[in-house]
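Below is one structure, written out as C-alpha cells, with a few remarks after it.
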Amino acid sequence: MPGASLESTQKAWAQGKFAPVYLFAGEDAGAKHSALEALKAALKADDFNFSEFSGDQESQIDDILSSCRTAPMFSPRRLVLVRNVKLGQEGRKLLAGYPGAPADSAVLVVLYPDALPASKAAIDKDPVLRAFTAHAEVLVFGPLTREEAARRIRAAAKAGGFELSEEALEAVLDEAGTQWGIIQGELDKVRLFLKGRKTASAEDILACLGYRREAGPYELGNALERRDLKASLDVLRRMLEEGSDAYDLLPKISYAVLAQLKAKRMLKAGVSEFEMWGKVRIFGRDRQGPFLQAVKGLSDARLVADLRACVRVEADLKSKVWLDPAVELEGLVVGLCSK
C-alpha cells in the first residue's frame, strides 16, 4: 500500500519480517539511503547475497529477474537492488510482472526518484508503478512538515539514548531543515558530541552543527514559490558553490513558476484545493500556506510573463555561449521575486 510508515516497516525488519518487494519513492535520496542500509543490516546481506543494478539498461532485466530467483547462500534471503527504472518498454513490462509472483527467498528493492503521481490514473499509465503500488510495500521519502520532523527527531534521539530540550529541537530544525536524510546524520553528530550526557541543549546543537549544510533538493523551489528574494538567491548561490550545474537548476526555477500558474488556473476553474495540491505536488501545510498566499497575490498575466522569462533565459544560455549561466540565473531569480 502506498505510503507505508517507515517506523512500522523498520520495526517489522527488526522482528525478521520482510516484504518480498519494496518500492522506495520520493526525492529525499539521503533518507532512502539510510533506509536501504537499515534493510541490508537487518537482512545481513553480504556480498554473496546482495546484487545491485543501475536499472538504466534494457539488457539488465534478465539479470535482475535471475538474481531474484537465485537461491541465497547460507542465508534465508538475498537482497536485490534496482536503482532506477529507466528500462525500455519490454524491460518495464517484465519487471512489472515480478511483484505479483515474487520469489520467497529474495527481497527486491526498486528506487523511484520522484514522488508518486497524485492520481491513480497517472500511476496506472506506468506498468511498473501500477504493479508495484498494487503488490509491493511502498515507502515514500518526501518532504516532512516541521511537526512530522519534530516527532521523528524526538523518537530518533530517544533511540540513541538522549533527549533534546525544546530549544534544542527547534535549533535542529532551524539548522538541518526537514529533510530526514540530513537530520539523521546530524543526530548522529549530536550523540557523539554529548559523550554520554543524556540531554542536549540548544548550545550543544549550535556547537555540534556549526556547519553550512548542503542545500536540499526542495529548497530552491520552495523559496521561489514564496517569491522570497533573499532566500532564493541564498539557496541558488549555495547550490552553485556546491557544484550544481546551472543548466540543471533552471528546470527547478521554471517548475516553481509553472506550478503557480497551474494552481492559479485550477483554482479559477473551481478545482478544490485538495485536488489542486495533488496535481501540482505541493505537500505539507508549512509549504502549502506560503505557496497559496503567493499564488493569490500574482496575476495570471504575471505568471505567464514569468514563465516566458524562464524560457527566454534557457534559449539565451543555449544560443549565446559567452553568457555566464550563474549570472543569468541570478538575474532571472531577481526578476521573478521582484514586485
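Please treat every number below as a calculation from the coordinates, not as lab data. Every value quoted in this text rests on a predicted model; they were computed, and no experiment measured them. Every residue, glycine as well, gets a Cβ built from its backbone with ideal geometry; the counts of neighbours run over all protein chains shown.
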Open item on the list: Let's see if you can work this out: charge +1 on each Lys and Arg Cβ, -1 on each Asp and Glu Cβ, no other charges. What is the dipole magnitude of the stretch 6-140 about its Cα centre, in debye to the nearest 20?
Closed with: 360 debye
Open item on the list: Name the residue from 141, 276, 41 whose Cα lies farthest towards the positive end of the charge dipole of the chain, charges +1 on Cβ of Lys and Arg and -1 on Cβ of Asp and Glu.
Closed with: 276
Open item on the list: Can you return the lysines within cross-link range of residue 296? Criterion is Cα-Cα under 19 Å, with same-chain partners fewer than 8 residues away left out.
Closed with: 262, 264, 268, 279, 339
Task: Rounded Å value of the spacing that divides the Cα centres of the stretch 45-101 and the stretch 225-265 - done: 36 Å
Open item on the list: Please list 3J(HN,Hα) in residue order for the stretch 291-301, calculated via the Karplus relation 6.51 cos²θ - 1.76 cosθ + 1.60 where θ = phi - 60°; whole Hz, with x for glycine and proline.
Closed with: 4, 5, 4, 5, 4, 5, x, 10, 7, 4, 5
Open item on the list: Would any residue of the stretch 96-132 have its amide N under 16 Å from a label point 7 Å out along Cα→Cβ of residue 71? List them or say none.
Closed with: 103-106
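So if each residue of separation counts as 0.36 nm, and I subtract the Cα-Cα distance between residue 46 and residue 145, what length gain in nm does that give?
Working: separation 99, 0.36 × 99 = 35.64 nm, distance 3.58 nm.
Result for the pair: 32.1 nm of gain on full extension.
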TODO: Could you pull out every residue, at least 5 positions away or on a different chain, whose amide H is within less than 5 Å of the one on residue 200? Hs are placed 1.01 Å off N in the peptide plane, and Pro or chain starts have none.
DONE: 163, 164, 165
Task: Whole-Hz couplings from phi, Karplus 6.51/-1.76/1.60, listed for the stretch 317-332; x for Gly and Pro - done: 5, 7, 9, 10, 5, 7, 6, 8, x, 5, 5, 5, 5, 4, x, 5
- [ ] Calculate how steeply helix 229-241 sits against the longest principal axis of the alpha-carbon atoms of the chain, using the helix alpha-carbon long axis, and give the answer as 0 to 90 degrees to the nearest 10.
- [x] 50 degrees
Task: Dipole magnitude of the chain about its Cα centre (Cβ charges: Lys, Arg +1; Asp, Glu -1), debye to nearest 20 - done: 840 debye
Task: Once exposed loop chymotrypsin sites (Phe, Trp or Tyr not before Pro) are cut out (DSSP; at most 10 other Cβ, 10 Å), longest piece of the chain - done: 75-210
TODO: With a Förster radius of 25 Å, plug the Cβ-Cβ distance of residue 248 and residue 286 into 1/(1 + (r/R0)^6) and report the FRET value to the nearest 0.05.
DONE: 0.45
Open item on the list: Run the simple label-point estimate for residue 163 and residue 114 please: 7 Å along Cα→C-beta, distance reported in nm.
Closed with: 4.4 nm
Task: Among 150, 182, 162 the positive-end extreme of the charge dipole of the stretch 146-208 (Cβ point charges) - done: 162
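Using 23 Å as the Cα-Cα cut-off, could you pick out the over-long pairs in 11/86; 230/252; 11/40; 17/125; 17/189; 17/86?
Numbers: 11/86 31 Å; 230/252 17 Å; 11/40 14 Å; 17/125 31 Å; 17/189 30 Å; 17/86 29 Å.
Violating the 23 Å Cα-Cα cut-off are 11/86; 17/125; 17/189; 17/86.
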Task: Distant-in-sequence amide H partners of residue 107 (H built 1.01 Å from N, under 5 Å) - done: 78, 79, 80
Open item on the list: What does the extension gain come out to for residue 265 and residue 11, with contour length at 0.36 nm per residue minus their alpha carbon separation?
Closed with: 87.1 nm
